[in-house]
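Visitor: Below is the structure I would like to discuss, written out as C-alpha cells.
The values are calculated or read from the model by the stated rules, or taken from the named source; none is laboratory data. Values in this document were obtained by computation on a predicted structure and should not be read as measured data. Here the Cβ positions follow ideal geometry from the backbone for every residue, glycine too, while neighbour counts run over all protein chains shown.
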Amino acid sequence: MLGSTQRQPLLLAAALLAGIGVAGCSSTSDRMRNALYAVTPYKVEVVQGNVVTKEQVEALKPGMTRQQVRDILGTSLLTDVFHSNRWDYVFTIKRQGVDPQQRRLTLMFNGDTLASFEGDPMPSEQEFVSTIDTRKKSGKVPVLEATEDQLKKFDAPADAKSTEASARSLTPLPPTYPPLESSPR
C-alpha cells in the first residue's frame, strides 16, 4: 500500500494527464467543427420556366399571330383561364453560391394577334450561357500544332502500308445493293 506522500505525485500525474487529454479533445473537436463548416452539402440546381433571350424579344412584333409568337418563344409557362388574352413567360434559376434569378415577360393579345408585351430586361443568349457556365477557365490555349518529330511517331509501319495497298487493290463494291426485303408477289 502506498503512503500519502507517495500517492500525491501519482494523483498529480493522473490529473495532469487527464487535463492534457481533455485539452487534446477540445482542440480536436474544434478542428472537426471547422472541417464540418468547410464541407457543404450538395444543393440541386433548380431551373423552372422558359428561358427568353433578348434576341427572341427583339423578334416579337405587334400584329403577330399566337402561333408565330409560340414559334419564337415556345409555349408560355402560365396561361390564365380567366385572362385568355394574356401569356406569361416566367423563368427562375436557383443555384448554390449564386443569387436566385427570376425574369418575367407578359404578352397581351387582341384576339389572335399580339397587341403588346412588357417584362424584365432579358440577357442575350451569350450572356445567359456565360452566367450558367461555372467551369474554371485556365486562360491558356494549348498548342495545336505537331512538330515533324511528333508526327513521325505515328507513321504507319511498313507491313501496315502493304496491307493498306492490297486492300485498295480488291474488287470495287457493286454500284447497287440487293433489297433488304423481298418484294411482295
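Visitor: Kindly provide the set of residues from segment 44-57 that are within 16 Å of residue 103 (Cα to Cα) and either among the hydrophobic types (A, V, I, L, M, F, W, C) or surrounded by 16 or more Cβ atoms within 10 Å (Cβ to Cβ) (or both), ordered by number. First the steps, then the outcome.
Guide: Narrowing segment 44-57 to residues within 16 Å of residue 103 (Cα to Cα): 46-57.
Correct list: 46, 47, 49, 50, 51, 52, 53, 56, 57.
Visitor: Right, another one. For the subset of segment 58-76 comprising residues that are surrounded by 17 or more Cβ atoms within 10 Å (Cβ to Cβ) and within 26 Å of the chain's Cα centre (by Cα), which member is farthest from residue 109 (Cα to Cα)?
Guide: Ranking the candidates gives 73 first.
Visitor: Quick check on segment 77-111: of everything there that is aliphatic (A, V, I, L, M) and over 17 Å from residue 121 (Cβ atoms), which residue is surrounded by the fewest Cβ atoms within 10 Å (Cβ to Cβ)?
Guide: 81
Visitor: If we keep just the residues of segment 153-185 that are assigned to a loop (DSSP other than H, G, I, E, B) and of a type in the set (A, V, I, L, M, F, W, C), which is modelled with the highest pLDDT?
Guide: Going through the qualifying residues, I end up with 154.
Visitor: While we're here: Grab the strands (runs of 3 or more DSSP E) fully contained in segment 80-152, keeping just those with 2 or more residues being within 24 Å of the chain's Cα centre (by Cα).
Guide: 86-95, 98-110
Visitor: Now for a different question. Going by what's in this entry, would residue 142 be described as touching a Lys or Arg at 6+ places or on another chain (Cβ under 9 Å) and modelled with pLDDT under 90?
Guide: On the way: touching a Lys or Arg at 6+ places or on another chain (Cβ under 9 Å): no; modelled with pLDDT under 90: yes.
No: the conditions fail for residue 142.
Visitor: Okay, moving on. If you go through segment 5-21 one residue at a time, do you hit one that is at pLDDT 70 or above, surrounded by 11 or more Cβ atoms within 10 Å (Cβ to Cβ), at negative phi and part of a loop (DSSP other than H, G, I, E, B)?
Guide: The answer is no; no qualifying residue exists.
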